[in-house]
Amino acid sequence: MMRSLLISALSLAGIFIKEQLKEPSAFFWILLSPAGFFYLLAYSKGPDYFLQPYSSATAWFYAYISLNVALFGFSFYIIGRRESGFMRSFIYTLRAKHIFVIAQVLAYSTIALMYCFAFYLMTRLPFGTYSAIEALHIGLKFYSCFILFCIPGALLTLPPLNFQTSNTLFSIISFTLLALGIAQTALPDTVEIIMHSVNILNIGKGIMHDDIQLSRRLIAMIFIVFGITLIIVCKHLRINPVWSRY
């Protein structure tokens, strides 16, 4: 039974991946936009910018990309598929819910890592040669950030949000975290420490920059909490669109 469930989830995940890759706007905003901003920032700082460690220069960008894949990929498309009527048409049993949620995780885990390695290929060369070991290490940290961000993202799929409202909400969350990260440097030290601690984007940056050591215990804790979150989501997942009278 478990094997057939996983096979069904893998098959559905493949469809979701193809669907996402056909959406050029997501590719632009999630990957090309941060990469373009990275090079604009590097240009404004001068040639010495590329003398610093690669992780120092790119940690924030990796955290930002993983956050946006979690929100605008994993979470947003759960809501989108509900509001389009897809879930009401095909997902009406607990097993179907499990297949759907697992497929979402597999699909956007794959997409997140694709974005991660694409960003690495786009930005690593000015700092030196590529390294497979370094890329894998970055991929592990990036994926841990992605799963961390998927925890609140998954919970945001439970309220009765329609497609447009969720898009607006996720945009506000992303912009607010970005603005807080920029503004906190101008705040008093005490306030800056508090803001740094509660801003989940800074937590992701800390993981990518190794300020927060990604120990086995921390990885296990992130994945356990994510697993519990998925159980809650499967149990309370809304099937009918917000606009439906059912």
Check: Just from its helices, what would the mean residue ellipticity at 222 nm be for the chain, if runs of 4 or more DSSP H residues each count -39500 (n - 2.57) and the sum is divided by every residue, rounded to the nearest 500 deg cm²/dmol?
Finding: -24000 deg cm²/dmol
Margin query: Name the residue from A220, L201, F86 whose Cα lies farthest towards the positive end of the charge dipole of the chain, charges +1 on Cβ of Lys and Arg and -1 on Cβ of Asp and Glu.
Written below: F86
Check: Over the chain, what is the relative contact order in whole percent, taking alpha-carbon pairs under 8 Å and six or more residues apart?
Finding: 31 percent
Checklist line | Rounded FRET efficiency, nearest 0.05, which uses the C-beta distance separating S33 from L180 and R0 of 25 Å | finding: 0.85
Margin query: Just to be sure I understand: if I project the alpha-carbon convex hull of the stretch 10-168 onto a plane and average over all orientations, what area do I get in nm²?
Written below: 10.1 nm²
Next item on the list: Grab the other residues whose beta carbon is less than 14 angstrom from that of T157, score K and R as +1, D and E as -1, and report the net.
Entry: +4
Next item on the list: Describe numerically, in nm with one decimal, the distance between label points set 7 Å from Cα along Cα→Cβ at F86 and at L5.
Entry: 2.1 nm
Note to self: Treating only the Cβ of Lys, Arg, Asp and Glu as charged (+1, +1, -1, -1), what charge dipole size does the stretch 2-236 show about its Cα centre? Round to the nearest 20 debye.
What the structure shows: 940 debye
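Any read-out appearing in this document is the output of simple, stated calculations on the displayed coordinates, not a laboratory observation. Here the structure is a predicted model, which means the values were calculated and not measured. Because the Cβ atoms are built from the backbone with ideal geometry, glycine has one as well, and the counts that use them run over all protein chains shown.
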